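The values are calculated or read from the model by the stated rules, or taken from the named source; none is laboratory data. None of these values were measured; they are calculated from a predicted model. Because the Cβ atoms are built from the backbone with ideal geometry, glycine has one as well, and the counts that use them run over all protein chains shown.
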Amino acid sequence: MINPAQCIQKIYVAADCLDLPYTKQILDRAVNIPVAEIKGHDLPAFTSGDHYHHQLTAGKKNLLLCRNQGHFLKPCPGTREYRCCDYQVLNIGMNCPMDCVYCILQAYLNNPWLTFFVNIDELLTELRQTLETDRQQFRRIGTGEFTDSMALDKLTGLSRILSEFMAGQPRAVLELKTKSAMVDNLADVNHQGRTIIAWSLNSPVIMRREELHTATLDERLDAAARCAAWGYKLAFHFDPIIYHQGWREGYAETIAKLFKVVPAENIVWISMGALRFLPSLKQISTQRFPQSDFFFAEFVNGLDGKSRYFRPRRVEMYKHIHRLLREKASAATCIYLCMESDAVWQDVMGFKPQERGGLANMLERTVQ
């Protein structure tokens, strides 16, 4: 089993974080990893004068522990042109030790560092104050927008801290989304069903070729089964769905394995989202991964400025995957489209989200 944290070759700690108890806990777990202090903004370059795509590769091997100077909790950066689920993003760090060819963070982040925020007391204070502000509002919160939720959990132990905190929050749920299998810290937690453990899944060939340093399909599903046995609710995300030779058979294989290993009644939602990317990502990714060719398919500029498959291709893939999922999923599981138009919803699902109270309400009904 791959432990992404084992890829880290050095840990840098901001000077104002050295004495934080949480920092010390992380460093105690980081056996045999060299540690260096960073003062101010004096971050060393990894390879002087090299291209940024080389910096990205080196950055994943160097972990910076520092403070988050801004807000931890923010709305998901969706777009008005497509249906968003009104997710709330809890920012625990930036970048990821795993290396997916299609990862949008390669084009989104302005520095290559793998960063984790250690001012955990401020994070929990902000989260508590936000949840207490309006006790009538239900919130779905996730940590997997700018980093993988669990990839560094062997070092940070954050999943347990957050799960124990969320156990006392009846008007919110936390989703921890990952491509790892690092779930040991979730055992024996009195989570009260307020934490959902989620995995990104794909066609087996895409997982092998395009999701580097991640857990295998079998490892992810075995980890999900363990979490189900511990009473956690689960979620799965087929995103990005990538058109490739044998895609129909590939996604069918993954879905068959999913429901063979994981109890359907534990799954609260499953999303589908076709590949979409910022135009700048294609150049960065093809420089870093010249063996990958899926960026050279036919795309159209979407209303959000991202490159997307033409609508007929997206609808074709969604319909195929949706049919396979609906055949095996529990009737209570919400299967939905991520960042798609009402027209595509109608083509694939036969309805528009607002006809059922909106996408946010559809998701919330599965966990309230």
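Only a single item in (1) modelled with pLDDT of 95 or more; (2) part of a helix (DSSP H, G or I); (3) out of contact with any strand residue (DSSP E or B) (no Cβ under 8 Å at 6 or more places or on another chain) is not met by Tyr251, and it is number (3).
The test for being touching a residue at least 40 places away in the same chain (Cβ under 8 Å) and more than 23 Å from Phe236 (Cβ to Cβ) does not hold for Leu152. Among the residues making up the stretch 305-331, those that are in a loop (DSSP other than H, G, I, E, B) and in contact with a strand residue (DSSP E or B) (Cβ under 8 Å, 6 or more places away or on another chain) are Lys306, Tyr309, Phe310, Ala329, Ser330.
Would you point out which residue out of Lys74, Lys154 is out of contact with any Leu (no Cβ under 7 Å at 6 or more places or on another chain) and either in a strand (DSSP E or B) or β-branched (Val, Ile, Thr) (or both)? Let's see the steps before the verdict.
Details: Lys154 fails: either in a strand (DSSP E or B) or β-branched (Val, Ile, Thr) (or both).
Of Lys74, Lys154, the one residue that is out of contact with any Leu (no Cβ under 7 Å at 6 or more places or on another chain) and either in a strand (DSSP E or B) or β-branched (Val, Ile, Thr) (or both) is Lys74.
If you go through the stretch 319-368 and keep only what is small (Gly, Ala, Ser), farther than 24 Å from Arg308 by Cα and touching a helix residue (DSSP H, G or I) at 6+ places or on another chain (Cβ under 8 Å), you end up with Ala329, Ser330, Ala332.
Here Gln287 passes the criteria (1) among the polar types (S, T, N, Q); (2) touching a strand residue (DSSP E or B) at 6+ places or on another chain (Cβ under 9 Å); (3) part of a helix (DSSP H, G or I) except the one numbered (2). Do you know which residues across the stretch 106-116 are crowded, with 22+ Cβ neighbours inside 10 Å and part of a helix (DSSP H, G or I)? Scanning the stretch 106-116 gives a single hit, Gln106. Might you let me know whether the stretch 123-137 holds any residue that is touching a Lys or Arg at 6+ places or on another chain (Cβ under 9 Å), more than 30 Å from Ser285 (Cβ to Cβ) and surrounded by 14 or more Cβ atoms within 10 Å (Cβ to Cβ)? Scanning the stretch 123-137 turns up at least one residue that is touching a Lys or Arg at 6+ places or on another chain (Cβ under 9 Å), more than 30 Å from Ser285 (Cβ to Cβ) and surrounded by 14 or more Cβ atoms within 10 Å (Cβ to Cβ). Please verify whether Ala256 is out of contact with any Cys (no Cβ under 9 Å at 6 or more places or on another chain), surrounded by fewer than 16 Cβ atoms within 10 Å (Cβ to Cβ) and closer than 22 Å to Ile196 by Cα, treating the condition exactly as stated. For Ala256, the condition - out of contact with any Cys (no Cβ under 9 Å at 6 or more places or on another chain), surrounded by fewer than 16 Cβ atoms within 10 Å (Cβ to Cβ) and closer than 22 Å to Ile196 by Cα - is met. With respect to Ser180, is the statement that it is surrounded by fewer than 23 Cβ atoms within 10 Å (Cβ to Cβ), among the hydroxyl-bearing types (Ser, Thr, Tyr) and touching a helix residue (DSSP H, G or I) at 6+ places or on another chain (Cβ under 7 Å) true? Taking the combined requirement at face value, the residue does not satisfy it.
Search the stretch 117-138 for residues being in a loop (DSSP other than H, G, I, E, B) and under 19 Å from Ala14 (Cβ atoms), and hand back the single one that is farthest from the chain's Cα centre (by Cα). I'd like the intermediate steps shown before the answer.
Initial filter on the stretch 117-138 (in a loop (DSSP other than H, G, I, E, B)): 118-119, 134-138.
In the following step, the residues that additionally are under 19 Å from Ala14 (Cβ atoms) were identified as 118-119.
Details: Val118: 20, Asn119: 21 Å.
Applying the filter and picking the extreme gives Asn119.
Does Ser341 count as farther than 30 Å from Gln192 by Cβ and crowded, with 16+ Cβ neighbours inside 10 Å?
Spelling it out, Ser341 is indeed farther than 30 Å from Gln192 by Cβ and crowded, with 16+ Cβ neighbours inside 10 Å.
Tally time: how many residues in the stretch 258-284 are assigned to a loop (DSSP other than H, G, I, E, B) and either touching a strand residue (DSSP E or B) at 6+ places or on another chain (Cβ under 6 Å) or among the small types (Gly, Ala, Ser) (or both)? Show your work before the answer.
Here is the first cut: in the stretch 258-284, the ones assigned to a loop (DSSP other than H, G, I, E, B) are 262-263, 275, 278.
Then keep just the ones that are either touching a strand residue (DSSP E or B) at 6+ places or on another chain (Cβ under 6 Å) or among the small types (Gly, Ala, Ser) (or both); that gives 275.
Looking only at that region, the number is 1.
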